[in-house]
Amino acid sequence: AVDLRRGAPSYGQWVGMELSAGNKKMLYAPAGFAHGFCVVSAEADILYMTSDEYAPALESGIVWDDADLNIAWPVAAPQLSQRDRQWPRLRDADTGFVHQGG
């Protein structure tokens, strides 16, 4: 999960964790945070809970290997969809999220 809220003290910082059937962990990514995943097993089930109805026309993202973020992914050359190959770097993305203080 990456903080997308411009002006936030943690803007551009990321957190990663391993989720598995064995450790039974889940990850909550609140509004203003990007999320991504890398499946390292032969198969996986991914379940999303969202705060609003999914609207494909409003979908956006950032490129998985943004050098500014330096995310420690568990693979060097993942299989990506065409859509995921074309996202911009965070510095060039208009995420629409601004830190509200607090």
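At-a-glance table
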read-out	value
Complete set of residues in the stretch 66-85 that are open to solvent by less than 60 Å² (accessible area, probe 1.4 Å) and polar (S, T, N, Q)	Ser81
Selection count where residues are surrounded by 10 or more Cβ atoms within 10 Å (Cβ to Cβ) and of a type in the set (S, T, N, Q), scope the stretch 41-65	1
Answer residue from the stretch 10-20, given it is in contact (Cβ under 8 Å) with a residue 24 or more places away in the chain and assigned to a loop (DSSP other than H, G, I, E, B) and is least open to solvent (accessible area, probe 1.4 Å) among those	Gly12
Meets criteria (closer than 18 Å to Asp94 by Cα and more than 11 Å from the chain's Cα centre (by Cα)) for Gly7	yes
For Arg83: the one exception among (1) touching a Pro at 6+ places or on another chain (Cβ under 9 Å); (2) in a helix (DSSP H, G or I)	(1)
Which listed residue is assigned to a loop (DSSP other than H, G, I, E, B) and in contact with a helix residue (DSSP H, G or I) (Cβ under 8 Å, 6 or more places away or on another chain), from Ile62, Ile46, Ile71	Ile62
Selection within the stretch 21-40 - free of Cβ contacts under 8 Å to residues at least 12 places away in the same chain, farther than 18 Å from Val98 by Cβ and open to solvent by less than 100 Å² (accessible area, probe 1.4 Å)	Ala21, Gly22, Asn23, Val39
So Ala57, is it outside any loop (DSSP other than H, G, I, E, B) and at pLDDT below 95	yes
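The values are calculated or read from the model by the stated rules, or taken from the named source; none is laboratory data. Keep in mind the model is a prediction, meaning the values are calculated, not measured. Reconstructed Cβ throughout: ideal geometry from the backbone, glycine too, with neighbour counts over all protein chains shown. Remember, those area values only see protein heavy atoms, side chains included, never the ligands or the DNA or RNA. Shrake-Rupley method; radii C 1.70, N 1.55, O 1.52, S 1.80 Å.
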